[in-house]
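Novice: Sharing a structure here in structure tokens format.
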Amino acid sequence: MACLQLRLKDVPDEQVLAAARALMPIAHAHDVAFLINDRPDLAAKVNADGAHVGQEDATYQEARRILGANHIVGVTCHDSRHLAMVAGEQGADYVAFGAFYPTATKTPKTAADPEILRWWSKMFEVPCVAIGGITVDNARPLVEAGADFLAVSAGVWAYPQGPKAAVAAFNRLFDAIANQPAT
């Protein structure tokens with residue numbers, strides 16, 4: 001696990017800050033970056049490692065201004081090559097595409113095709129993240145298409161053998177694909 005994103009919707013700022021203060025030390029103890037979803041202002045208040053912003057949240061420029069150059073700012077780009085290129089050119093630390101699969105976490109605005117990951121990974125150096133309904137069972141095509149990272153919620157927390165087993169299974173998948181002979 002490279003990053004833990006705190007995603008609390010429709011709760012008071014104090015609850016987000018309290019959760020961040022409780023969870024961030026645990027993430028850092030395991031060398032895991034800690035991001036706050038949607039709210040670079042709250043990320044700055046707790047000195048989180050960064051923020052993830054969607055197209056209807058703070059702009060990339062606003063998030064970067066609030067957080068500074070030494071923090072992570074990732075941007076949701078849905079299924080749009082244009083949005084991803086703009087975010088990459090502006091300096092986003094990663095771009096996120098999705099949703100690739102149905103998800104109960106939120107109502108997706110778009111349905112992305114793995115081809116966008118293939119295109120991005122061949123054209124650009126900025127890492128890409130695949131989002132939306134990802135599980136151990138359906139992740140392989142996304143990783144094979146070039147996803148550098150997977151944003152996973154229920155795929156970890158609802159995994160039948162538990163979250164630790166889910167993370168281990170995802171890691172095995174990434175390792176297996178990384179060790180495949182080049183075609």
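The values are calculated or read from the model by the stated rules, or taken from the named source; none is laboratory data. Since we're looking at a predicted model, the values are computed, not measured. Cβ: placed from backbone, ideal geometry, glycine included. Neighbour counts: every protein chain shown.
Novice: Hey, among the residues in segment 25-48 that are within 16 Å of the chain's Cα centre (by Cα) and more than 28 Å from Thr110 (Cα to Cα), which one's surrounded by the fewest Cβ atoms within 10 Å (Cβ to Cβ)?
Specialist: Result: Val32.
Novice: If only one of Ala87, Ala96, Ala92, Ala51 is in the same structural domain as Leu4 (by TED's automatic domain parsing) and surrounded by 14 or more Cβ atoms within 10 Å (Cβ to Cβ), which one is it?
Specialist: Step by step, each of Ala87, Ala96, Ala92, Ala51 is checked, and only Ala51 is in the same structural domain as Leu4 (by TED's automatic domain parsing) and surrounded by 14 or more Cβ atoms within 10 Å (Cβ to Cβ).
Novice: Kindly list the number of the only condition in (1) free of Cβ contacts under 8 Å to residues at least 24 places away in the same chain; (2) in a strand (DSSP E or B) that fails for Ile36.
Specialist: (1)
Novice: What do you reckon, is Ala151 among the aliphatic types (A, V, I, L, M), at pLDDT 95 or above and either in the same structural domain as Gln5 (by TED's automatic domain parsing) or farther than 23 Å from Asp93 by Cβ (or both)?
Specialist: no
Novice: Please determine whether any residue of segment 141-151 is in contact (Cβ under 8 Å) with a residue 60 or more places away in the chain and either part of a loop (DSSP other than H, G, I, E, B) or of a type outside the set (Lys, Arg) (or both).
Specialist: yes
Novice: Any idea which of Leu23, Leu83, Leu8 is over 30 Å from Arg118 (Cβ atoms) and in a helix (DSSP H, G or I)?
Specialist: That would be Leu23, the only listed residue that is over 30 Å from Arg118 (Cβ atoms) and in a helix (DSSP H, G or I).
Novice: Can you name the condition, by its number, that Ala104 falls short on among (1) surrounded by fewer than 14 Cβ atoms within 10 Å (Cβ to Cβ); (2) not in a helix (DSSP H, G or I); (3) not assigned by TED's automatic domain parsing to the domain that holds Pro141?
Specialist: (3)
Novice: Residue check: is Phe170 at pLDDT 95 or above, in contact with a strand residue (DSSP E or B) (Cβ under 8 Å, 6 or more places away or on another chain) and in a loop (DSSP other than H, G, I, E, B)?
Specialist: no
Novice: Among the numbered conditions (1) in contact with a helix residue (DSSP H, G or I) (Cβ under 9 Å, 6 or more places away or on another chain); (2) assigned by TED's automatic domain parsing to the domain that holds Ala145, tell me where Arg39 comes up short.
Specialist: Exception for Arg39: condition (2).
Novice: Moving to a separate point now. When the residues of segment 109-160 are narrowed to those that are among the aromatic types (Phe, Trp, Tyr) and over 15 Å from the mean Cα position of the chain (by Cα), which ends up surrounded by the fewest Cβ atoms within 10 Å (Cβ to Cβ)?
Specialist: Trp157
Novice: Output the qualifying pairs, or none if there are none: Cβ atoms under 8 angstrom, residues six or more apart or on different chains, first residue in segment 71-90 and under 17 Å from Ala43 (Cα atoms), second residue assigned to a helix (DSSP H, G or I) and among the aromatic types (Phe, Trp, Tyr).
Specialist: Filtered contacts from segment 71-90: Val73/Tyr60; Val75/Tyr60.
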